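This report refers to the structure that appears directly beneath it.
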């Protein structure tokens, strides 16, 4: 990913350098670069549509007996944090609604547990609006992580300045840029619940923030937290597949809404034919999405698609 | 400018190295999503103590409110769970709340899980109907009714999606091929010159799940009763009479070639 861009830039730089200095300078530069070669591993963990499933599903549940549960995700994340130096934990929305935890405590337990798990960021899903903008605002004090919402304009509502448009996380010398794309609320959420929230075009907004993060902020990787949904029968409906194909500068889309189980991230092509990854982790805290990225300044640039997986069961269905 | 650069090769080298520092690129990645299953500990490794929340939850939710004779699921063109909940909603409006009503329409997307056979806890009803949706009664004219009937037809002809089928009570629709054959409201054939009183939820009444035919409908009554509470009250009442929960498919929406 980004191979071409890197090579072009190097060629450009070498041309200039070569144009006016002796070979000696060039070889010393190479020597310096070799010395500085270092690989950094960043582990991205993510959830979506946890729907208040603090505890595992009931042992008698027809589809997911004794599976899932945020408390189990918490222990897995804890194990991974012990092994990996740089971990980023993200959520793609619909934290609320689905078990009595939400009906009784209104989201307090979900946000508190996610804070204790040290989530780095989340975006809002349609069900996070189930108790209205007030329902979100009242719970925000329990969340020690930010909500990244790039295409909801809350400026005319009580959520003004309560969410952010993008976030940059620095791990070692790697800058990770994150922005969030929400689903169109009209027809999905009652107007009384979202009031004067303005919905901005998902593709235009995504291109804007992806460019800003990649080019201006010089992030090594740009992640979009999306609650658009993976894919629809209606080809034109806004989805992660369409988002991938209509944008550039995004490296990874972490999706939600369609409760899609994937064994691993899938590779698509973006607007300019570059590879982009899309991943989603089912729902109900039944899956934890995981991607390990290796960053290096080495000369040899090769994208190594390691699709190794220890799955025995085909789990990719909606 | 060029001349200027030529005189400062060292400066350019430094700039070059600095810019290299900011161009860390992904060279490889692995992706393998984890299943969250029973091999993982439920002991919460975070610093949050959930015991007080759990105690409060179990006090409220673990109460067994009745026993179901069968497992109830949603379905298309008809599902037992949808029939059960629509029947009790219509019954509640007419017989408990005393609001004249002709039929009921809800949506399968609103039923979030199935009702298991055997003991039914209050918490299970919260899982089936987690939303705080209120029962309302609206009045529809002939034109709006035709839109509603066509909406049911379209959703009844698909049966693969979890959003297929429309749960109803008090209305019977026969679909032959792709066409509506006959429609009965109660025991009378549908009459486009009449208005009908329909029980639904405030969510659907505002056009939720694309029920656009409700958008300009006249509102007759806000019941002030949540659908979930109507379900719990009905189930508890049956329990007081020692009646187990039961329901069946009865061909209220019938699709034939």
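Laboratory data are not the source of any read-out in this text; all were calculated from the coordinates shown. None of these values were measured; they are calculated from a predicted model. Please note: Cβ atoms are built from the backbone with ideal geometry, for glycine as well, and neighbour counts cover all protein chains shown.
Highest mean packing comes first when the peptides B:90-96, B:242-248, A:94-100 are listed by Cβ atoms within 10 Å, giving A:94-100, B:90-96, B:242-248. With Cα atoms as the point set, the radius of gyration and Dmax of the stretch A:42-296 evaluate to 17.0, 52 Å. Peptide A:288-296 has a mean of 5 when you count, residue by residue, the C-beta atoms of other protein chains within 10 Å of its C-beta. Over all orientations, the stretch A:153-279 has a Cα convex hull whose mean projected area works out to 8.8 square nanometres. Equivalent-ellipsoid semi-axes for the stretch A:42-139 (Cα gyration tensor, √(5λ), whole Å, largest first): 22, 18, 11. Relative to the longest principal axis of the Cα atoms of chain B, the long axis of helix B:80-91 makes an angle of roughly 60 degrees. Counting Cβ atoms of other protein chains within 10 Å of each residue's Cβ and taking the mean over peptide A:110-118 gives 3. Shielding by partners for peptide A:96-109, expressed as the average number of C-beta atoms from other protein chains within 10 Å of each residue's C-beta, is 5. Each peptide in A:268-276, B:65-73 was scored by the mean count of other Cβ atoms within 10 Å over its residues; highest first, the order is B:65-73, A:268-276. Counting beta carbons within 10 Å around each of A:164, A:136, A:181 and listing the fewest first gives the order A:164, A:136, A:181. With respect to chain B, whose longest principal axis is taken over its alpha-carbon atoms, helix B:9-21 is tilted by about 30°.
Would you please put B:176-189, A:64-77, A:40-53 in order of how densely packed they are, using the mean number of other Cβ atoms within 10 angstrom per residue and starting with the highest?
Numbers: B:176-189: 12.1, A:64-77: 22.1, A:40-53: 25.6.
Highest-to-lowest ranking by the protection proxy: A:40-53, A:64-77, B:176-189.
To the nearest ten degrees, helix B:51-61 and the longest principal axis of the Cα atoms of chain B are 20 degrees apart.
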